[in-house]
Amino acid sequence: MVRLEFLKQLAVLSAILKVAPALAKGITDTDISRKVFGDDFFWGVATSAYQIEGAWNIDGKGESVWDRFSSKPGHIKDKSNGNEAINFYHSYEADLELLKSLNFKNFRFSFSWARLIPDGTGSVNEKGVDFYNRLIDKCLKLGIEPWAMLYHWDLPQVLEDRGGWANRDILGWFSEFTEFCTRRYGDRVKHWMVLNEPAGFTTLGYLSGIHAPNRTGIGKFLASVHHACLCQAEGGRIIRRNVNQGHIGTTFSCSHTEPYKLKDSHQRAAQRLDVVLNRLFIEPSLGMGYPYAELPFLRKIEKYIDPGDQEKLKFDFDFIGLQNYFRVVTKPSLIPFIWANRVKPEDGAELTEMGWEVAPEGIYHIIKQFSKYPVKEIIVTENGAAFPDQLINGRIHDPQRIEFYKRYLQKILKAKNEGVNVSGYFAWTFIDNFEWAEGYRPRFGIVYNNFSTQERIIKDSGYWFRDFLK
Ligand code: NOJ
């Protein structure tokens, strides 16, 4: 009897040790190691074509919406553009070697649609195809797994001229592009993602217009939402068909929404923002339809829904890419349709260069929220911070960024230890790059870039990752 009790206790103890290795090791707030995440956890960095490649009109590349948008005065805060960016198109070999030296085994990049198919559909630009062949082969040679994102916001301008994401024809254009990429690269690339942050490019690009293609209006926005949701699922199906043993995901920008005050009205405001920020794109893919209940104006999307679409919106992704930077504290407001607004972080709150509040608890809550959906695997496909780095005697000491990573990783680990299947983490980003409408001022990299000379300098946070991943 005593022996049985002892064996039971042993079983409980070993279960705890299995799910909570960090607790068992007595991890403190600053003490964290790679081992506690498990040996098969994916560690990587995330990048995107327009933000790093440059070579905007070289070797047959077509114009993208970001090439056009950034060429117009008033669009980019520091009057810059991504024409040269960090010149990754020419320096990818040395950059990937640098990545390897930091002990990362996974590299996330995106295909520039306009580099591969300059007119959006039809003729292929073989020089562009060759660039991604060389990039993928170089990764594999170095023992780095390539993670391909199909669409990271840089639509070919010719397709935008035909209505872009607001035109239902995008479903055909995007399918052709996806067929093409998966057939050309699917023999070597196993990890695929369909869309980067659809909430980002539809709200910023088609509602507020502060990003390319600079369009505004509720109709354009809702049309682009529905078409992005259709492409998201169709892209998944095409990858499944064409890539043998593909690991298929798509990414969502996610921010935990919290009421400013514990009042019903504030709670309802938080729920309304939650719909737009977190639920709008994942729920249709899970067969749950659009989340109309909290936001009645969303019903206007029905205008764009054809018979049979509800089925087409569904796809059984292998993983969900969760991208998180901050939390959103919410109160009611007079902003039409949403009737909610975010409350500025309190005085004294720790802010990044983007003005975003450092709130590691938020990533924990949003992971837990997403884990309630029937998803198989969650990967944090972006997380990171911009701080005003200073180059002093050839070094960049960025203790704030190191702390940021440690504290967010702690919270991810907490969710993992509570049983959520979080299986990877991608830092945003590898090397400082073009931060969209903000230009080059916010530096998100763990490697510093001198934008005049294109010299790379590893920041202390880069060295921290190198040692952490050793
Ligand atoms: C999300 C986007 O995917 C990425 O392109 C951007 O640079 C980061 N967030 C930081 O804002």
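Data for the structure
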item: Tally of residues being open to solvent by less than 10 Å² (accessible area, probe 1.4 Å) and within 14 Å of the ligand (Cβ to nearest atom) across segment 438-448; result: 5
item: Single match in GLU84, GLU97 (criterion: away from the ligand (no atom under 16 Å from the Cβ) and either buried (at least 17 other Cβ atoms within 10 Å of the Cβ) or closer than 21 Å to PRO442 by Cβ (or both)); result: GLU84
item: Test: ILE396 is within 16 Å of the ligand (Cβ to nearest atom) and either acidic (Asp, Glu) or open to solvent by less than 10 Å² (accessible area, probe 1.4 Å) (or both); result: no
item: Residue within segment 235-244 that is within 25 Å of TYR292 (Cα to Cα), away from the ligand (no atom under 16 Å from the Cβ) and either out of contact with any Cys (no Cβ under 6 Å at 6 or more places or on another chain) or not hydrophobic (A, V, I, L, M, F, W, C) (or both) present; result: yes
item: Positions within segment 101-124 being over 20 Å from the mean Cα position of the chain (by Cα), open to solvent by less than 30 Å² (accessible area, probe 1.4 Å) and of a type in the set (Gly, Ala, Ser), in sequence order; result: ALA114, GLY120
item: Answer residue from segment 125-142, given it is out of contact with any helix residue (DSSP H, G or I) (no Cβ under 8 Å at 6 or more places or on another chain) and closer than 17 Å to ASN87 by Cα and is surrounded by the fewest Cβ atoms within 10 Å (Cβ to Cβ) among those; result: ASP130
item: Which listed residue, of GLU353, GLU403, GLU435, GLU418, is surrounded by fewer than 20 Cβ atoms within 10 Å (Cβ to Cβ), modelled with pLDDT of 95 or more and within 16 Å of the ligand (Cβ to nearest atom); result: GLU353
item: Residue count for segment 186-224, restricted to those that are hydroxyl-bearing (Ser, Thr, Tyr) and in a loop (DSSP other than H, G, I, E, B); result: 2
item: Output for segment 421-432, where each listed residue is within 15 Å of the ligand (Cβ to nearest atom) and either under 12 Å from PHE387 (Cβ atoms) or assigned to a loop (DSSP other than H, G, I, E, B) (or both); result: TRP428, THR429, PHE430, ASP432
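The values are calculated or read from the model by the stated rules, or taken from the named source; none is laboratory data. Just so it is clear, the structure is predicted and the values come from calculations on it, not from any experiment. Methodologically, a virtual Cβ is constructed for each residue, glycine included, from the backbone with ideal geometry; neighbour enumeration extends over all protein chains shown. To get the accessible areas, we keep the full protein, side chains included, count just its heavy atoms, and leave off ligands, DNA and RNA. Shrake-Rupley method; radii C 1.70, N 1.55, O 1.52, S 1.80 Å.
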